[in-house]
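Presented below is the structure to which this report refers.
Values in this text are rule-based calculations from the coordinates and carry no lab data. Note that the structure is a prediction, hence the values are computed from the model and not measured. Neighbour counts are summed over all protein chains in view; Cβ atoms, including those assigned to glycine, are modelled from backbone coordinates with ideal geometry.
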Amino acid sequence: MILQQLYQDAANILGGEMPPPMYDRKPVRWVILLKLDGTLEGEGFISLGGDKETKRGQPRMVPYVGRTSSVRAILLSDSPAYVLGFGPEDRNAAKKHEAFKALVKQCAEETNDPAVQAVSVFLSQWSLELGLVPSELMPADLITFRVDGEWVVDDPAVRQFWARSARAEGDVESGSQCLVTGVFGPVEKSLPGMIKRVPGGQTSGIAIVSANEDAFESYGLTRAQTSPISREAAETFTKALNHLIVTRETHITIGNLVYVFWVDKGDANDLITFLDTPDPDRVRELLNAARSGERKHLYVDDRKFYAFALSASGARAVVRDWLKTTVSDARGRLAHWFASHEMISYDGQDTSYFSIYKLAASVYRDARKEMDNQTPQALLRSALHGDAVPRTLLAKAVMRCRAEQRVTHPRAALIKAALLSLNPNYTLEDAQRMTNLDHGREDAPYLCGRLFAELEAIQRAALGPINTTMIDRYFGAASTTPSKVLSSLVAHANKAHLPKIRKTRLPAYLAMQERLEQILKPMTAFPKTLTLENQAAFILGFYHQRAENRADIAKAKDRKARGEATEQEAALAEIDNNIEN
């Protein structure tokens, strides 16, 4: 279905202009300038590269064909080995050059085109011994020709010949129905073109449909015929898909997974930006529209929206996910997605929103080496399909907090999203309540997390900067078996830390004692053990309390600087200075 949609929307995806058959936009690095008699014009070889953007050459529409290790020339635009026979480490360079010359000669004879005949004459007289090969020429460079100022590959007769020639060389089978167009006719054994730039795939590209073993073949159908597709359909959706992958505004690459996006009319750049580099102001506008129930312009859009996920397995493409919806529905799901992981910043100053990559990376020690396809795929499905965040990701996030003995901002956001997913009927109001500290929440795991954060703040206020804090020593035990450690930590705070603060900074002591009593008041006993979900609630309570403490300190410092601080605020500001120093 998704290939049919790519085929139908190809013209819109490609900007309304379909490339000629068996042509594609490639970076051309060199042009050989010829006169109509086949001799070189001026310097002969002209480089089209130089700066950073054109290092590989200037993009031009040139002939192409998918090829493997076998020798197969591409008309009038190919590598140095084919065009000039130049390949110091290519044992088949001479054979490739002969195939290129033969193809150009055939084109000249069938089209009677003067420009092609000039190229054929030049090739017949060419020899590496002439010493005209530029020293900067690289084996992967693309070379084409210009005769009497005209690009030979642009000639209509050349384009028609190449379409016929490439089809003639293709291995087709008649009498099958194309799965994309539904039309009966020739279908390819090897689809034209390869999917490029899929992470983990071969640099030459990967096949969207392929079978090369008996186990994958059936009913006498081999290779790509197991999923019969016509050349025209395959070429069209391949060009559209490659364009989506190469265009920055229409794809996201995370780990070994690439997601492409498009709409049936216009573009969907704003939706991609939401997922890749979310702008806080745009996200808040989206959320405000959703929370107020207003059908603003953000939600009035009935265009069809499509998403398509690919990864590579050797030389083949693997479809991991696909989605068909409307732009309005996609924005609505994104609003819920951002609400689900909206989280106060670590200093309590503002709320933040994260890209899919940052959330996925938060559960790994080294995301570049350890991240698998499943993690970003699960988060993208949650954002676009409205799926629940898997419980496995909640477990990874909780374990990473214990391993590092700290709670990062994106990890707290992911934990919140995972906890909300446990209730499929959660509302935007439920999500908003979990964004920052909830003073009315009285479940024991959350209060234990708040208590642990407050005890750590008391320790820092009493002792100042120390090498090993109670978080370093007790975070794992406090978040899994609170009854084993919290009672003794509270007792130690009352016996040692708070009295020390009271002697030197009575206002700070009173503020901390009050916070401690507010947290402890609803609690009857510390839980013996915490389940995974309860550990997550502990972590959120811990993160929220620390963020609020930092926000209070920042506010106190600001009021002190303006000369408006109370005694308690002035004391809090001093404690903060001690911590930072």
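Under the Kirkwood approximation for Rh and a Cα-based Rg, what ratio Rg/Rh is obtained for the chain? Intermediate values should be presented prior to the final figure.
Values: Rg = 32.5 Å, Rh = 28.5 Å.
Radius of gyration over Kirkwood radius for the chain works out to 1.14.
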Can you list the residues, at least 5 places off or on another chain, whose amide H is less than 5 Å from the amide H of LEU422, using H built in the peptide plane?
none
Which distance in nm do the two modelled labels at LEU36 and SER124 give, with both placed 7 Å along the Cα-to-Cβ direction?
1.8 nm
For the range 484-496, Karplus-derived ³J(HN,Hα) couplings (6.51, -1.76, 1.60; θ = phi - 60°; whole Hz; x for glycine and proline) come out as 6, 10, 5, 4, 5, 5, 5, 4, 5, 5, 5, 8, 10
Which pairs break 31 Å Cα to Cα here: LYS369/LYS416; LYS503/LYS560; LYS239/LYS416?
LYS239/LYS416
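Please list 440-449, 149-158, 273-282 highest first by mean number of surrounding beta-carbon atoms within 10 Å per residue. Don't jump to the answer; show the numbers that get you there.
Values: 440-449: 19.3, 149-158: 16.8, 273-282: 15.3.
Per-residue Cβ counts within 10 Å, averaged per peptide and sorted highest first, yield 440-449, 149-158, 273-282.
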Spacing of the two label points (7 Å from each Cα toward its C-beta) at LYS528 and ASP302, in nm:
6.1 nm
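If we count every other residue with Cβ under 10 angstrom of ILE13's Cβ, Lys/Arg +1 and Asp/Glu -1, where does the sum land?
Values: positive: LYS239; negative: ASP9, ASP264, ASP267.
Once all neighbours under 10 Å are counted, the net charge is -2.
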For the range 437-581, take every pair of Cα atoms, bin their distances at 5 Å starting from 0, and report each bin as a whole percent.
2, 10, 20, 23, 20, 14, 8, 3, 1, 0
Quick one: what are the phi-derived ³J(HN,Hα) couplings along the range 548-555, Karplus 6.51/-1.76/1.60 with θ = phi - 60°, whole Hz, x for glycine and proline?
5, 4, 5, 5, 4, 5, 4, 5
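What order, most packed first, do the peptides 139-145, 377-383 have when packing is the mean number of other Cβ atoms within 10 Å of each residue?
Working: 139-145: 19.7, 377-383: 22.4.
The most tightly packed comes first, giving 377-383, 139-145.
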Starting from the amide H of PHE305, placed 1.01 Å from N in the peptide plane, find each other amide H under 5 Å away whose residue is 5 or more places distant or on another chain.
THR325, THR326, VAL327
How about LYS324: which lysines have a C-alpha closer than 16 Å to its C-alpha, ignoring those fewer than 8 places off in the same chain?
LYS265, LYS304
Could you rank the peptides 313-319, 545-551, 229-235 by their average count of other C-beta atoms within 10 Å per residue, with the highest value first?
229-235, 545-551, 313-319
Residue-ordered couplings for the range 534-545, obtained by feeding phi - 60° into the Karplus form 6.51 cos²θ - 1.76 cosθ + 1.60 and rounding to whole Hz (Gly and Pro as x), are 5, 4, 5, 5, 4, 5, 5, x, 4, 5, 4, 5
Rounded to whole Å, give me the distance from the Cα center of the range 476-500 to that of the range 104-161.
82 Å
